[in-house]
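The values are calculated or read from the model by the stated rules, or taken from the named source; none is laboratory data. Predicted model, so just to flag it, every value in this text is computed and none were measured. All Cβ positions, glycine included, derive from the backbone under ideal geometry; neighbour counts span all protein chains shown.
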Amino acid sequence: MADPLPAARQSQRFLLLYALAWAGGSVAYVPFLTILLPVRVSVLAGDAAGVSWLAYIAFAGAIAASAAFIGFGYLSDITRRRREWVWLGLVLSCGLLALFREAETLPALIAIIIVWQLALNMMLAPLAAWAGDCVHDAQMGSLGGLLAFAPGLGALAGAFVTLPGLASADTRLVLVGVLVTCCVVPVLLVTPPPHVPDPVSDDAAAPDPLNPAAAGRGAMRRMWFARLAVQIAEAALFSYLYFWFRSIDPDMGDNRTARVFSVVLILSAPIALWAGRWADRTSRPFTPLVACAFVSAAGLVGMALAPSLPFAIATYAVFGFATSIFLALHSGQTLRVLPRSDRRGRDLGLFNLTNTVPSLIMPWLTLALVPQFGFAALFLLFSALSLAAGLLLKPFARQF
């Protein structure tokens, strides 16, 4: 069925507050999973055992997050109460952060991580579906562009809470909870409850030729596989960028790698916002996605052939910009292809698997290719995946 459009477009104020709330999700997990949790594990297990501890914790957390996003998204569909679930998830996830200082064994850490992931996704899943309830399709490009700022804000939050002398290790967790609350609460307090459309059977809905959801579940599958293909490449570069740079130039340090990664992440956000607004103005919502997938593929080919560090950094920047913009705009445009408005939360949970499944696939691809063929073979494979993503979405760019 074609998803019924809201009667009026949302104000820019709401879009900004919603984007701030979504950034609160990044603030919740980026500093914790990338800095605070590894530090805690290192204290308890040491550097050698800490690597295996983190592997077990990450695996358990990814499974819990995947199941919770689908489950709580579906519950928010059934109850038709998005805001209440967001409130409950916010309170529980922030409160659970204080428990991590009590965990001193691997089983205890895994248990708390699982419960925390359940609470965090209790907040994130209904929040994701809420955008589809109350944001007009013609604003999805702008919304996607605003969502591109979330990863950068998450990274900045990590830099802030770890400032020397600002807070102790335990207090940093409390500080993260405060920052998340400040980001999420405004949209919950200021805006009225949005109307969640009543369930409508697929048979009762007239096809809307201007909406790709009219193409049926084939459109949803194309969007799902396109995002998965791009996410696999993005996840690998997130994990192995440092090692790739050092394979080209052993003098490339961790700080310089972090600066390159941060600059690409931060500068891609305003470009994504411009691209999203262009897509809205021209009514060509999928054209930027196709273009970014193809540019990402070209950047990966350049990375595979990189003869020097400056060339490697430049081609990574091309890949990083294109991929970050693709993922941000894809998040907004996904809401166009969901076949049922009354099951939006559940379907977004299925799309969220494209964020977690790559973490399970990527290590095996890396182990199979890099030791024998080097990073070049891995990047050429990822280039083929990005090219496939662009080809999957190209029909949408022509039709809608």
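A search for C-beta distances below 7 Å between a residue of segment 84-99 that is under 11 Å from Val180 (Cα atoms) and any residue that is of a type in the set (Phe, Trp, Tyr) and surrounded by 23 or more Cβ atoms within 10 Å (Cβ to Cβ), counting only pairs 6+ apart in sequence or on different chains, returns Ser93/Trp116. Among the candidates Ser262, Ser283, Ser308, Ser296, the residue that is in contact (Cβ under 8 Å) with a residue 12 or more places away in the chain and either crowded, with 23+ Cβ neighbours inside 10 Å or in the same structural domain as Pro151 (by TED's automatic domain parsing) (or both) is uniquely Ser296.
Within segment 150-184, the set of residues being β-branched (Val, Ile, Thr) and crowded, with 21+ Cβ neighbours inside 10 Å comprises Val161, Val176, Val180, Val184. The conditions of being in the same structural domain as Gly24 (by TED's automatic domain parsing), within 19 Å of the chain's Cα centre (by Cα) and at pLDDT 85 or above are met by Leu146.
Filtering segment 334-357 to residues that are among the aliphatic types (A, V, I, L, M) and not in a helix (DSSP H, G or I) leaves only Leu338. Scanning segment 340-376 for residues that are more than 20 Å from the chain's Cα centre (by Cα) and within 18 Å of Arg221 (Cα to Cα) gives Arg340, Ser341, Arg343.
The single residue among Leu273, Leu360 that is within 27 Å of Ile248 (Cα to Cα), assigned to a helix (DSSP H, G or I) and either of a type outside the set (A, V, I, L, M) or in contact with a helix residue (DSSP H, G or I) (Cβ under 9 Å, 6 or more places away or on another chain) (or both) turns out to be Leu360. Of all residues in segment 325-341, those being buried (at least 21 other Cβ atoms within 10 Å of the Cβ) and more than 16 Å from Ala279 (Cβ to Cβ) number 2. In segment 368-382, the residues that are in the same structural domain as Ile232 (by TED's automatic domain parsing) reach residues that are crowded, with 18+ Cβ neighbours inside 10 Å and β-branched (Val, Ile, Thr) with C-beta atoms within less than 8 angstrom, at least six apart or across chains, in these pairs: Ala377/Val370; Leu378/Val370; Phe379/Val301; Leu380/Val301; Phe382/Ile232.
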